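*Asks:* Questions regarding the structure given below will be posed in turn.
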Amino acid sequence: MTELAVRLSGVTKSFGSHTAVSDFDLDIPRGAIVGLLGPNGSGKTTMIRMIMAILLPDRGTVELFGGFPDFARRSRVGYLPEERGVYEKMKVLEQLVFLGELRGLTRQMARSRAGHWLERLGLAEWSGKKVQELSKGMQQKVQFIGTVLHDPDMLILDEPFSGLDPINQDVLEAIVREERERGKTILFSTHLMEQAERLCERVCLISRSRKVLDGDLKKLKRQERSGAVAVEFEGDDRWLMRLGIRDIERVDDAHHLPVVDQAQYDAILAAAMQAGVALRRFEVLEPSLREIFVRHAGEQAEEPPMAAMGGGR
Amino acid sequence: MRQVWIVLRREYLERVKTKGFILSTIAIPVLMLGMIGLSAFLGIQAERSERELALVDYTGRIGEEVASRVRSYGYEMELVDRVVALDELDQRVLEDELEGYLVLDDLTLSEGVFAYRGKDSPSALRRALFENAVVETALELHLSTMESAGTVRALIEGGQLDYESVVESTGGEGAEVARIRGIATGFAGAFLLYLTMILYGQYVLRSVLDEKRNRVVEVVISSVTPWRLMLGKVLGVGSMGLTQVGIWAGSGAVLALFGIPFIAAQFPSTELGGFLQYLPGAGDIALLAVYCLLGYFLFAALFAAVGAMCSTEEDAQQAQFPLVMLLVVPFIMQMTTIEGGGFAWMDWVALFPYFSPVMMFPRAVAGAVPWWMVALSLVFMALALVGTAWVAGRIYRVGILMQGKRPTLRELVRWVRTA
């Protein structure tokens, strides 16, 4: 029994002249909750589709639960595609029961679970309505239920939160966390850094079809801690100049000082004491995920033209 | 198997529950039956006018008999004394006391010419009935004085051509009836087969295309193999088709069972019994069912493959063209040879499995080909079905997850090879 839920090694996928995923390695341990982060068009969806064997890589191997993502392995995954796929003319409950039965639940079980989930996501009164009568956000919730209904070992969610209002985002986040507590492996993609920061233990940053960074979020932050210090005080700031630190930045009431080693922290503190200013704040700054990303990938001003994405979406 | 059943059930229920299905399946036949029934009813009512007819017989020899014949058709008829002036009768017609009246005179006896006087000209049916009554009666009168009455009667009734096959033991008296029945059944059957294959085939195509376009298939495919999905879909649409055809056939049978005797009862003189013998027998219908099922699956698989390789409606319209041709060509060829065998080589063309339903079924029921050819066509179709399903399954498997441009023929071949 392998400990990995997903392993990509040297995976490359092109559509015509456009390379969507390039020489990609990624390991996702079982039970982890991993965020796949990157701007639109960076290759997140292509990667997920390769994990689900909807696309086959041009080069490299994709393993799911220790082997080729064949039918048996895929059926252990609850998959929420980016472009929502629902039978629009089916009634909500019937649709969920259909999906549940298809994944091996009995009719009664599928019905009762679907009922429970609809209740929980506030859709109970819509269960007899056709899906096309629901708003986009509601349709998305219905599809999310379809993803978790059969209690799969792993959830793969492509942009699960996009298009939802903040309240529903919170509801969904809570459910994702809960599923994680229950021991499920969760992989989701998002372009919202803040969300990933709240939810993930591990992140994988993608930019222009390549992996920028991946690993444990806390460790990453510690690693990436450039050592900046924010200092806020009342009084004269001439003592700061005397420290001999260059590139001091003024951010609101605070000064941000780039710091290289421990000795410098001590020097700053000592200098502040000596100068006799009233120190309000002294904080070692952790970089946000966004900062880490920007630091490593550079600003992604330019997005690939849609035409190049044609085959990949 | 359970998954196939689940897909089938969804496909079936989702189709059968739509308004379109209910409308096309139930409302149309009901409406048609209703309209036929209503017009028949109204027609009969009109014929059965409350108002009386009258008859003046100046010959004094056939009036009684003609009146009784006309009464036997269900009309009220008064035999008027010939001393009554016609003006008086005209007046009664104008006052709507009489519908109209017949005037028979010597010319009626010698040439069968007689008059009907009324406000409106008689309907075609009424005209035929009157003529029949008068001519028959006059004829009887003349024949009764003739020695060779039986011979003349027989000749008047019309001659009869008896077909005698030089091949041994082709069914004696019923042979001609069987021949016509064969042609009629074959024609109707070929049309029905053509229609079901093209109609339900396109349902399959649309179903596949819709699922692909709204990406449901990407979700579903993680829980069910493409092959099972396709099978369930084809079976589901097929069941829907069976239901629809069943309802149509059922209402047709009801019409035949109750409608024909009903109409026959209204017009005892007409020979509807003769019509019934041209209806197909159980054996023909069973054969039709076999061709229908094999043909449906054969084309449903192809239509599913076409649906899977397209991404847009317009694409699908173009891509299905060869399939439609595969159905239209045999249908046209069949039309040219409907009166029988046609060219002998066509019998061999009819063995081509995709042409067989439309071309071999009519030949089979018309007895135009030996039984072994029919059997061979069924075997070929079964083999073709296995091959088609295999190829279509592979195209389907790759196609449903592909987006964008329709594949070229070369790419298709690669799909089939690598799937």
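*Asks:* Please tell me if residue B:195 is within 14 Å of another protein chain (Cβ to nearest Cβ), of a type outside the set (Asp, Glu) and on the phi < 0 side of the Ramachandran plot. Walk me through how you get there before you give the answer.
*Replies:* Numbers: within 14 Å of another protein chain (Cβ to nearest Cβ): no; of a type outside the set (Asp, Glu): yes; on the phi < 0 side of the Ramachandran plot: yes.
Here the answer is no, as residue B:195 does not meet what is asked.
*Asks:* Please go through the range A:197-236 and pick out each residue that is farther than 19 Å from residue A:21 by Cβ, acidic (Asp, Glu) and surrounded by 14 or more Cβ atoms within 10 Å (Cβ to Cβ).
*Replies:* Answer for the range A:197-236, where residues must be farther than 19 Å from residue A:21 by Cβ, acidic (Asp, Glu) and surrounded by 14 or more Cβ atoms within 10 Å (Cβ to Cβ): A:197, A:201, A:216, A:224, A:232.
*Asks:* If you take just the strands (runs of 3 or more DSSP E) that sit entirely in the range B:1-118, which of them hold at least 1 residues that are within 37 Å of the chain's Cα centre (by Cα)? Steps first, please.
*Replies:* Numbers: elements: B:52-57, B:77-80, B:98-104, B:115-118.
Of the strands (runs of 3 or more DSSP E) lying wholly inside the range B:1-118, none has at least 1 residues that are within 37 Å of the chain's Cα centre (by Cα).
*Asks:* Can you tell me which condition residue B:201 does not meet? The list is (1) of a type in the set (Gly, Ala, Ser); (2) within 14 Å of chain A (Cβ to nearest Cβ); (3) touching a Phe, Trp or Tyr at 6+ places or on another chain (Cβ under 7 Å), and all the others hold.
*Replies:* That leaves (2) as the condition not met.
*Asks:* Before we move on, is residue A:261 modelled with pLDDT of 80 or more, surrounded by fewer than 12 Cβ atoms within 10 Å (Cβ to Cβ) and not hydrophobic (A, V, I, L, M, F, W, C)?
*Replies:* Values: modelled with pLDDT of 80 or more: no; surrounded by fewer than 12 Cβ atoms within 10 Å (Cβ to Cβ): yes; not hydrophobic (A, V, I, L, M, F, W, C): yes.
It is false that residue A:261 is modelled with pLDDT of 80 or more, surrounded by fewer than 12 Cβ atoms within 10 Å (Cβ to Cβ) and not hydrophobic (A, V, I, L, M, F, W, C).
*Asks:* Restricting to the range B:123-143, and then to whatever is of a type outside the set (A, V, I, L, M, F, W, C) and surrounded by 17 or more Cβ atoms within 10 Å (Cβ to Cβ), can you tell me which residue is farthest from residue B:53 (Cα to Cα)? Explain how you work it out, then say what you get.
*Replies:* Pass one, the range B:123-143, residues of a type outside the set (A, V, I, L, M, F, W, C): B:123, B:126-127, B:131-132, B:136-137, B:140, B:142.
Filter once more, keeping what is surrounded by 17 or more Cβ atoms within 10 Å (Cβ to Cβ): B:126, B:137.
On the way: B:126: 12, B:137: 18 Å.
Looking at the filtered set, the residue picked out is B:137.
*Asks:* When residues of the range B:85-99 are filtered for being touching a residue at least 12 places away in the same chain (Cβ under 8 Å) and exposed (fewer than 13 other Cβ atoms within 10 Å of the Cβ), how many remain?
*Replies:* Matching residues across the range B:85-99 total 3.
*Asks:* Quick one: what pairs do we get from the range A:73-102, first residue free of Cβ contacts under 8 Å to residues at least 40 places away in the same chain and within 7 Å of chain B (Cβ to nearest Cβ), second among the hydrophobic types (A, V, I, L, M, F, W, C) and part of a helix (DSSP H, G or I), C-beta under 7 Å, 6+ apart or different chains?
*Replies:* A:98/B:6; A:101/A:110; A:101/B:6; A:102/B:6; A:102/B:220
*Asks:* Looking at (1) within 14 Å of another protein chain (Cβ to nearest Cβ); (2) in contact with a helix residue (DSSP H, G or I) (Cβ under 7 Å, 6 or more places away or on another chain), which is the one condition that is false for residue B:25?
*Replies:* Answer for residue B:25: the failing condition is (1).
*Asks:* Which of the residues spanning the range A:44-73 are of a type in the set (Lys, Arg) and surrounded by fewer than 22 Cβ atoms within 10 Å (Cβ to Cβ)? Lay out the reasoning, then the answer.
*Replies:* Here is the first cut: in the range A:44-73, the ones of a type in the set (Lys, Arg) are A:44, A:49, A:59, A:73.
A:59, A:73, listed by residue number.
*Asks:* Specify the residue that is surrounded by the fewest Cβ atoms within 10 Å (Cβ to Cβ); the eligible residues are those in the range B:218-244 that are assigned to a helix (DSSP H, G or I) and facing chain A (nearest Cβ under 7 Å). Don't jump to the end; show me each part of the working.
*Replies:* So in the range B:218-244, the residues assigned to a helix (DSSP H, G or I) come out as B:218-220, B:226-244.
From what is left, the residues that are facing chain A (nearest Cβ under 7 Å) are B:218-220.
Details: B:218: 20, B:219: 23, B:220: 22.
The qualifying residue surrounded by the fewest Cβ atoms within 10 Å (Cβ to Cβ) is B:218.
*Asks:* Are any residues in the range A:161-191 among the hydrophobic types (A, V, I, L, M, F, W, C) and over 20 Å from residue A:293 (Cβ atoms), and if so, which ones? Before you say what the answer is, go through the steps one by one.
*Replies:* From the range A:161-191, those among the hydrophobic types (A, V, I, L, M, F, W, C) are A:161, A:164, A:167, A:171-172, A:174-176, A:186-188; that's our starting set.
Correct list: A:164, A:167, A:171, A:172, A:174, A:175, A:176, A:186.
*Asks:* Would you mind finding the one in B:397, B:363 that is among the basic types (Lys, Arg) and either surrounded by fewer than 20 Cβ atoms within 10 Å (Cβ to Cβ) or under 25 Å from the mean Cα position of the chain (by Cα) (or both)? Quick ask: steps written out before the conclusion?
*Replies:* Values: B:397 fails: either surrounded by fewer than 20 Cβ atoms within 10 Å (Cβ to Cβ) or under 25 Å from the mean Cα position of the chain (by Cα) (or both).
Going through B:397, B:363 in turn, just one is among the basic types (Lys, Arg) and either surrounded by fewer than 20 Cβ atoms within 10 Å (Cβ to Cβ) or under 25 Å from the mean Cα position of the chain (by Cα) (or both): B:363.
*Asks:* Right, another one. Of the residues in the range A:63-82, how many are of a type outside the set (Ser, Thr, Tyr) and more than 22 Å from residue A:140 (Cβ to Cβ)?
*Replies:* Initial filter on the range A:63-82 (of a type outside the set (Ser, Thr, Tyr)): A:63-74, A:76-78, A:80-82.
Applying the additional criterion that residues be more than 22 Å from residue A:140 (Cβ to Cβ) yields A:63-73, A:76.
Qualifying residue count for the region: 12.
*Asks:* Being within 10 Å of chain B (Cβ to nearest Cβ) and within 23 Å of residue A:184 (Cα to Cα), is that true of even one residue in the range A:12-34?
*Replies:* no
The values are calculated or read from the model by the stated rules, or taken from the named source; none is laboratory data. None of the values given here were measured: they were computed from a predicted structure. We place every Cβ from the backbone using ideal geometry, glycine too, and count neighbours over all the protein chains shown.
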